[in-house]
Amino acid sequence: MPDNSEPERAAATGLKVRKRSAVPGSGDGSPEQVHLTWGEDPATSVVVSWASAGRARGPRVRIGQRIFGAEERAYTDAVSGETVWTYHARVAGLRPGATYGYAVTAENDRGSGDPFSETFTTAPAGRKKFRFTSFGDLAGARMAWPLSYPEASYAVGAVESFQPLFHLLNGDLCDDDLNPAAWRDFGTNCQASASNRPWMPVLGNHGTGFYDGPHGFSAYLTRYTLPDNGVPAFTGRWYSFRIGSALFVALDANDVAHGHSRGAQTRWLARTLERARRDASVDWIIAQTHQCACSPSADAAWIRSRWLPLFDRYEVDLVLGGHGRGYERSYPVRGFDRASVPPASGSASGSASGSAALAGAYRPRPVTTADSGVFDTSQGTVHLTLGSGRAPGAVPAQPAGPGGAAGSRAGEAGARPAWSARRDTSAAYGIAVFDVDPGTESGGHTSVTVTRYHAADGVPDGDYNEFETFTLVRPRSDRRRWHAREGAAVPV
């Protein structure tokens, strides 16, 4: 196993580690936990966010001669009584596909003579090639230094090694029993990557705090500024953003299970997907969530019953999840196995208690079981479980079968579902890399090449090897008239 001391881990991962500047409540406004998210238009805007141990005076971001003031956002942790101060600067008016240097500071920044500085690159405009990466479940308990679990620091280093335009973090950002100290460690760890490329998160089932605001999400919502979803009571809970010819849709699966928004998210999703499919400049629709639809867990039944009909109707190409502690890829799926649909359609939503019996409900139907390595996602949606940021263990290799047993992780006891194409049974730690190629001909085809890497010998020491590579293809939308697929009911 790797040495867990600070110098050895920092050297092994190649991370730029910055020490904590002060203890909470000290009155020090020095920026820490700096991270980027996309603004409303990723080609022209980003949001720079950070925290400080004390309340900052005059928090701001500088790019060249331009100064961007930051919005203050704070909450008080109900258990520790600590007030967490965060700041968010909306940086707009940028050029597409351009690299910028920026600096973060405040009047009471102890390092104001040499402020925190990094670079970022805006998204391209139009149909251009780009790369992104993804994994979920980076949550870690607090250790003696600010990189949380050792494997979490290697996962952050893995993102940097592939130099993506941005990273998708598929839930379970931070363990829920150590707020706000664990959140501070998480933010310090991720800063090594998230300060120079946007990390776009979704809510998971971990990362909620004791009495942490409505539904337990104040720690998350205070730290992140995310694209507006137009539903004021649920700002930051779900959102979408556009990169080139791809629309990314980030979803809150907790809402499906617990009904927090009373269907507002699902209605927003239907409107968002329909607009995208009627837009001839959008080729790809990629959804991101934490709990998985293609999973043997009880969570999946709620997601399947509400969202899979929308994914089918609007030809969602790819769904990325976490939650299952490992890696699993589905065949392209469309519709349900008829025998798996309960008599009262839609009854799978509701409270989590007593729902294990629903784990086999609404089973996705594979449109092919030929694992050719090239899949046309206009014919079926591919689902990936990427709960590999720091999750221990491997996914067992069960024999193929028609069902899937209840359980909280992909691959727990039971027959292997018919939709399951590939599982990583050797190591859970890993990262997926996505290379989007828009193609060169109007009306031709576009592709996404996906490569999944995992930790050699199951040890998260920074040595990642290729596990598999496959390609998704679909017709470009610029000469294709889209029609909603018949028979795909839209939930309400």
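Using a 1.4 Å probe on the protein heavy atoms only, what accessible surface does H445 show? Give it in Å² to the nearest 10. Only protein atoms counted, so the area is about 120 Å². Taking the accessible area of segment 202-258, probe 1.4 Å, and keeping the other protein chains in place, the carbon and sulfur fraction comes to 59%.
Within 14 Å, Cβ to Cβ, of I303, how many net charges do the neighbouring residues add up to if Lys/Arg are +1 and Asp/Glu are -1? So the environment of I303 carries a net charge of -1. Computed extension gain for D463 through R131, at 0.36 nm per residue and net of the alpha carbon distance, reaches 117.5 nm. Each residue was assigned an accessible area with a 1.4 Å probe, and for R237 the value is about 10 Å².
The chymotrypsin sites (Phe, Trp or Tyr not before Pro) of segment 183-221 that meet both conditions, a loop assignment by DSSP and at most 11 other Cβ atoms within 10 Å of the site Cβ, are Y211.
Solvent-accessible surface of protein heavy atoms, probed at 1.4 angstrom with all chains present, puts E82, E466 in the order E466, E82, largest first.
The values are calculated or read from the model by the stated rules, or taken from the named source; none is laboratory data. The structure displayed is predicted, hence computed values, not measured ones. Backbone-built Cβ (ideal geometry, glycine too); neighbour counts: all protein chains shown. The area values use the complete protein model at the heavy-atom level, side chains included, leaving out ligands, DNA and RNA. Shrake-Rupley method; radii C 1.70, N 1.55, O 1.52, S 1.80 Å.
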